[in-house]
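Notes for the one structure printed next.
The values are calculated or read from the model by the stated rules, or taken from the named source; none is laboratory data. None of these values were measured; they are calculated from a predicted model. FYI the Cβ positions are ideal-geometry reconstructions off the backbone, even for glycines, and counts take in every protein chain you see. Just the protein is used for accessible areas: all its heavy atoms, side chains included, with ligands, DNA and RNA removed. Shrake-Rupley method; radii C 1.70, N 1.55, O 1.52, S 1.80 Å.
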Amino acid sequence: MTHKEFDILIEPGRSEKNYWRDLWRYKELFYILSWRDIKIRYKQTVIGAAWSVIRPLLTMIVFTIIFSRVAKLPTEGTAPYAIMVFAGLLPWQFFSTSLSEASNSLIGNTNLITKVYFPRLIIPASSVITSFVDFAISFGLLLVMMVGYQFAPSLQIIFLPLFIIIAFASSFGISLFLTALNVKYRDFKYIIPFIVQFGLYISPVGFSSNVVPEKWKLLYAVNPMVGIIDGFRWSIIGETSFPALTLSISIIVTSLFLFLGVGYFRKTEKSFADNI
Amino acid sequence: MSGSIIEVKNLSKKFVISHEAENGKYTALRDVMVNKMKGLYKTSSSIKEDFWALKDLTFNINQGDRVGVVGRNGAGKSTLLKILSRITEPTAGSIRIRGRVASLLEVGTGFHPELTGRENIFLNGSILGMKRSEIRKKFDEIVSFAEVEKFLDTPVKRYSSGMYVRLAFSVAAHLEPEILVIDEVLAVGDAQFQKKCLGKMEDVSKGEGRTVLFVSHNIGLIQNLCNRGILLERGVLVKAGEISEILTLYNSNNSRSLHWEGLEEYENIQLTSTSVETLEGTSGDVYNDEDIFINIRVKINQPTRELLIGFNLLGLGEKELARANYNDFNGYNTLDPGSYLLIFCIPKHTLATGTYAINFDIAIPYVKKINSNKPNLYFEVLSRGEKGNKYFVTNSSSYNSIIRPDWLKSIEKIG
């Protein structure tokens, strides 16, 4: 009747030691919470899944008109401007949705956090997964667009999964950091929408990184989304050179945030139930 | 295996109460920055107070024990359960647990109103720590126990509150952990369903040799279910031992708070003693079929106009329920110097079962409030059997009535 594997020691500062094992043990909860979030998301809205098609589509149309027609910015190679915008919009939208959803996820699940134990990491993680479903739907839309524009992707598209993983890591790391901060300091509720809005302007969503002057490139690339969007465009459109500089900076910044995010989250996680 | 399944050593939990925080428990970054700036000039202006919810608890629980945790409101029972179920972390000390813990601190944790009954069973089950395969195996049992077969594919937001609670409890009742931690959630549903739940609980704990920790204010229930007890008082472990011993101690402790004697001295008036009594006397329990007498003894030193002597009756969470003063209805104005005994009576069949506090109220209206504003007395209203207890549910908001009067005048067959 004894279960060796369930020998638990509770001590101040102790829960770290069996953290990753616990996380694994709670994988089913992770699965079911993600499933719940997805289900609710498409159940509560009238147009449901169509929403994740309409949103990027309209943004893409507006951006194409403003940046290509009005501002007359160049596209990358021969790709239609719309496809270039959409290739950048994909990771950006994933990132921004993750950020907004995850940062509110803990507060939205207060009743769970104060009543049941489980590794809290599961909650923001399942928000990121939910955003990824949106991403997948939008990706389908990109494929449709490519057929419509008669635009064949480059062979480099086989590297796309790699960039998706980086986008995932970046979204997850920054989300975790902000989520934990949001529990303690509730004014992040106002800061996060600002970050998302501001980020849209400093990331190459509506324009190509090529239009950024060389001397600003380094500062510009500190934004991890720059390298990721460049990477997406490189693998989907494939008509510019490999974005070695921006991508490597992005990977460094992403790892930093991932490290910081997980660290800070775990440090504060134990007091969530008291603070929330 | 015998031996302890839970070992608690020197367990303490501290909360820091900050008196400056205006809007509740959380801080805003803005405030932190402002305080840091202030700190440059002077020491921080916020007064922080440590509050020990639990202090230096040490006890063991053996495999198969059914432990009742008793104590008054604020004794630290819920905090203890929260630490045991790893929701919050202790400040000091350690707990060793040898087994899977499932905690039931609330009925229907994580239920989502938009999801159907079927979906919520899986959701709630996983939240409580069941595997999907386990839930699938027990699915039919859960559904038939809850009696919601027809509504499985209806979103639970369309459920009646009774159905909701039945489904929620039913999921929880089919958990199979080695250690089950339960906080006052059994009193749900109508009387018939309650009985069913209790039967199930008894099966689970007695029949299957599971270790159960159980918090309740329902002494009868604890007596019935548990073999061991833990008595807490203001965060301190008073005693751990046989349930009968613990309950005797708890009752005698409890009745002490039915009576207060001392001297609270104010300029014009002295409060000398207070008590809650029934006709049976002051030491026993208070039942809902007895008149409850609230006695106040005061000594008045100099005549004071418009003096107010009375009490506030407080319910759960020290929420004010009623207020009574000696001169509410009779136009008394001044009392001559001397000693007085004031007797108030709460008629039988007025209060629902539960814990109440009394806060004595002595004041010169619009001039001075002389009492301390802290509850002085506590008492618990019990019911004998099911009388005045039907459909009374402590934890369900829709049944949360405080007054349970016997208002029926007559019933006769007229056709």
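Of note:
- Check on A:F242, closer than 25 Å to A:L121 by Cβ and among the hydrophobic types (A, V, I, L, M, F, W, C): no
- Failed condition for A:N210, given (1) open to solvent by 50 Å² or more (accessible area, probe 1.4 Å); (2) under 17 Å from the mean Cα position of the chain (by Cα): (2)
- Some residue of region B:259-272 being over 21 Å from B:N333 (Cβ atoms), open to solvent by 50 Å² or more (accessible area, probe 1.4 Å) and modelled with pLDDT of 75 or more: no
- Note on region A:189-224: residues that are touching a Gly at 6+ places or on another chain (Cβ under 9 Å) and outside any helix (DSSP H, G or I) amount to 7.
- Failed condition for B:S126, given (1) open to solvent by less than 10 Å² (accessible area, probe 1.4 Å); (2) facing chain A (nearest Cβ under 10 Å); (3) part of a helix (DSSP H, G or I); (4) in contact with a strand residue (DSSP E or B) (Cβ under 9 Å, 6 or more places away or on another chain): (4)
- Top-ranked residue of region A:46-75 - restricted to ones that are open to solvent by less than 60 Å² (accessible area, probe 1.4 Å) and at pLDDT below 80, ranked as nearest to the other protein chains (Cβ to nearest Cβ): A:G48
- Verdict on B:G93 being at the interface with chain A (Cβ under 9 Å from one of its Cβ atoms) and touching a strand residue (DSSP E or B) at 6+ places or on another chain (Cβ under 8 Å): yes
- Candidates A:Q197, A:Q150 - the one that is within 26 Å of A:L247 (Cβ to Cβ) and open to solvent by 50 Å² or more (accessible area, probe 1.4 Å): A:Q197
- When each of A:I165, A:I129, A:I158 is tested for being away from chain B (no Cβ under 14 Å), over 24 Å from A:A82 (Cβ atoms) and loosely packed, with under 14 Cβ neighbours inside 10 Å, the lone residue that passes is A:I165.
- Criterion: polar (S, T, N, Q), crowded, with 18+ Cβ neighbours inside 10 Å and in contact (Cβ under 8 Å) with a residue 40 or more places away in the chain - qualifying residue of B:N325, B:N295, B:N312: B:N312
- Residue in region B:132-150 that is more than 10 Å from chain A (Cβ to nearest Cβ), assigned to a loop (DSSP other than H, G, I, E, B) and either under 30 Å from B:I5 (Cβ atoms) or out of contact with any Asp or Glu (no Cβ under 7 Å at 6 or more places or on another chain) (or both) present: yes
- For beta carbons closer than 6 Å, sequence separation of 6+ or different chains, a first residue in region B:106-118 that is more than 9 Å from chain A (Cβ to nearest Cβ) and part of a loop (DSSP other than H, G, I, E, B) and a second that is among the small types (G, A, S) and open to solvent by less than 10 Å² (accessible area, probe 1.4 Å), the qualifying pairs are B:V107/B:A168; B:G108/B:A168.
- The sole residue among B:R100, B:R86, B:R72 that is touching a Phe, Trp or Tyr at 6+ places or on another chain (Cβ under 7 Å), open to solvent by 20 Å² or more (accessible area, probe 1.4 Å) and more than 7 Å from chain A (Cβ to nearest Cβ) is B:R72.
- From the options A:I83, A:I40, A:I122, A:I61, residue that is touching a helix residue (DSSP H, G or I) at 6+ places or on another chain (Cβ under 8 Å) and within 30 Å of A:D274 (Cα to Cα): A:I122
- Condition broken by B:D56, with the remaining ones in (1) modelled with pLDDT of 85 or more; (2) surrounded by 16 or more Cβ atoms within 10 Å (Cβ to Cβ); (3) not in a helix (DSSP H, G or I) satisfied: (2)
- Any hit, region B:351-363, residues being surrounded by 20 or more Cβ atoms within 10 Å (Cβ to Cβ), at pLDDT 65 or above, part of a loop (DSSP other than H, G, I, E, B) and of a type in the set (A, V, I, L, M, F, W, C): yes
- For region A:5-45, the candidate set comprises residues that are at pLDDT below 75, within 10 Å of chain B (Cβ to nearest Cβ) and closer than 15 Å to A:P119 by Cβ; within that set, the residue that is surrounded by the most Cβ atoms within 10 Å (Cβ to Cβ) is A:S15.
- Those residues of region A:78-94 which are open to solvent by less than 10 Å² (accessible area, probe 1.4 Å) and in a helix (DSSP H, G or I), in sequence order: A:A82, A:I83, A:M84, A:V85, A:F86, A:A87, A:G88, A:L89, A:L90, A:P91, A:F94
- Considering residues of region B:160-176 that are part of a helix (DSSP H, G or I) and not small (G, A, S) only, the residue nearest to B:F139 (Cα to Cα): B:V171
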